[in-house]
Amino acid sequence: MILEVREMRMQFGGLLAVDRLNLALKQGELVGLIGPNGAGKTTVFNVITGVYAPTRGTITLEGKDITGMRPDLITRMGIARTFQNIRLFSRMSVIENVLVSLHWRLRSGVFDAILQTRKYRDEEAEMRAKAMDLLARVNLDSVADLPAGSLPYGSQRRLEICRALATEPKVLLLDEPAAGMNPAESIELMKFIQKIRDEFGLTILLIEHQMRVVMGISERIVVLDHGVVIAEGTPREVSRNPRVIEAYLGVEQHA
Amino acid sequence: MQLSMFFQHLANAVSLGSLYALVAIGYTMVYGILRLINFAHGDLLMVAAYIVYYGRGMFHLPWPVSIVLAVALTSGTGIIVERAAYRPLRNSPRTTILISAIGVSFLVENLGLVVFGGRPQSFPLPAMFDSGSAKEIAGVRVENITFVIPAVTLLLLLALLHIVHRTKVGMAMRAVARDFDTAGLMGIDVNRIIAVTFAIGSALAAVGGIMWAMKFPQINPLMGMMPGMKCFIAAVFGGIGNILGAVIGGFLLGVAEIMIVAFLPSISGYRDAFAFVILIGTLLLRPTGLLGEKVAEKV
């Protein structure tokens, strides 16, 4: 198991957002985390990435306990994420958004930068090359110097994924990457996600609100409702589970 | 008014404006990153001035050593203030951390009174800046420090802009200023970047404080209060959160202040009140300041 969440509970005052969550991701797996609005999906991401410390339970990455660690340290250990509402550094350029994520790897300090030492310039050039390479792999190299906020919506989504990839994650958490996309765009994005999973050897946990979108690419689906897991299994199993249909698909059928 | 008098005032205005600009940068940098007015910032001027005063007077350190020491220690003071008084409150309501900042300011001022004594001290001047060094240019007597202040300010401003826009640390600072949580999730050590921001802002305040003491060579533990308030106003006037805005705001405020005294001597008693009129005017007419833009609430 590369990522393992055990008996996790997240409570905000009187609100129990997630309870008794168990989740285990195998290396290279693509798992969908689905559930109706307010089911606690994003909270799960926030706990795994260290934005919140869980009220109870543990999270381990490759066997190492990362429960309650600072977000930047968890990122450095190999978990990266994207956001449901795009959170790029919109006034910085596209390439700078990627460079920010490469930033912590640098060895030269402030003084190297001020004095423009050779070490600094070499490293700088190397990082830019690396960032350009990543951008090329998501087809954004031609807009590298534009402000991130000026890109069309779909490109901003890809840039967010690219920025997450720049931290060289082992596990990538994608929070509703297809939100706001039409069916054709969603399908294209799902193909893109599969592609980067294979190219970068990632393990992916993918939040999606619409079940249909993840059906096609997830090997396994976990269904969350009101903070608890109500079903787990292959897409086929999950879609036939009466509890899921009741909690989730049932609502959608009547809608 | 004679032309020579005008130039005299102009030279004064430029150097006062530069001083304000230098100190205003610190307010704006901290605001940009924490959305906090660091009311203790002005008191760092006093801290730096006293360190030089004691470094020269008590320990007979050479000038460069006492200046470097003062900048380093003041920078450290800024880091300690953030660590002790702001970081533990980072997730508290903004009013709480603001009140903490006011508390730190009173604490530093009163510690100054206890440690240094309330009696004003005359600040030692290096030979190149003492009263005999003033130059006569076209009938205008201008002290050397009047030229040095704008030059030093310009140099530091260029260095700062270089750091912010051309280095990795600066990029991280901009990212943290934009969105703390996301920056952390991209692997940036947010606490370290905030500490660096305080260190840089405080170092600029230290240089400002030392030059202030050289220009007005009488120091006391409350000397940072009024310049601190004015530079805060300058930062708001220029558009808080924006470095160039702070510089322009500080510069304009200094120039306007001197010119009011020069052209309207009858109201020169209200010199200090003028800054606050600007503050009220800015908040009423253009709350985002000259170069400011609407920023989303940071949650």
* Test item: Cα-centred dipole of the stretch A:49-161, Lys/Arg +1 and Asp/Glu -1 on Cβ, debye -> 260
* Asked: Each label point is 7 Å from the Cα along the Cα-to-Cβ direction; what then is the distance between the points at A:Gln194 and B:His165, in nm?
  -> 4.6
* Structure fact -> The set of residues whose placed amide H lies less than 5 Å from the amide H of A:Arg81, leaving out same-chain residues fewer than 5 positions away, is A:Leu173
* To do: Could you please state, rounded to a whole Å, how far the C-alpha centre of the stretch B:82-121 is from the C-alpha centre of the stretch A:16-82?
  => 38
* Simple Cβ-charge dipole of the stretch B:1-98, Lys/Arg +1 and Asp/Glu -1, about Cα centre, in debye nearest 20 -> 320
* To do: When a/c is below 1.5 the answer is rounded, else prolate if a/b is larger than b/c, else oblate, so apply that to the stretch B:108-163 with a ≥ b ≥ c taken from the square roots of the Cα gyration tensor eigenvalues.
  => oblate
* Tell me the GluC sites (Glu not before Pro) within the stretch A:180-221 that lie in a loop according to DSSP and have at most 15 other beta-carbon atoms within 10 Å. => A:Glu219
* Asked: Roughly how many nanometres apart are two label points built 7 Å out from the Cα toward the Cβ at A:Glu126 and B:Ser4?
  -> 6.3
* Asked: Under a point spin-label approximation (7 Å from Cα along Cα-to-Cβ), what is the B:Arg271-A:Ile245 distance to one decimal in nm?
  -> 8.5
* Asked: For the stretch A:138-154 and the stretch A:212-241, what is the separation of their Cα centres, given in Å?
  -> 33
* To do: Tell me what chain B gives for mean residue ellipticity at 222 nm when only DSSP H runs of n ≥ 4 count, each as -39,500 (n - 2.57), the sum divided by the residue total, rounded to 500 deg cm²/dmol.
  => -23500 deg cm²/dmol
* Structure fact -> Diffusion coefficient in µm²/s returned for the protein assembly as shown by Stokes-Einstein, Kirkwood Rh over C-alpha pairs, 25 °C and 0.890 mPa s, is 93
* the stretch A:185-191 - phi-based ³J(HN,Hα) in whole Hz, Karplus 6.51/-1.76/1.60, Gly and Pro as x -> 5, 4, 4, 4, 5, 4, 5
* To do: Please state the charge dipole magnitude for the stretch B:25-224, taken about the Cα centre, from unit charges on C-beta atoms (+1 on K and R, -1 on D and E), reported in debye and rounded to the nearest 20.
  => 320
* Could you tell me which of B:Ile163, B:Met58, B:Phe216 has its Cα farthest along the dipole of the protein assembly as shown towards the positive end, charges placed at Cβ (Lys, Arg +1; Asp, Glu -1), taken about the Cα centre? => B:Met58
* Asked: Residue farthest toward the positive end of the dipole of the stretch B:25-224, with Cβ of Lys/Arg at +1 and Asp/Glu at -1: which of B:Ala49, B:Ala85, B:Asn144?
  -> B:Ala85
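Throughout, read-outs are computed from the coordinates displayed, never taken from laboratory work. Note that the structure is predicted; figures quoted are calculated from it, not measured. Positions of Cβ are backbone-derived with ideal geometry, glycine not excepted, and every protein chain shown enters the neighbour counts.
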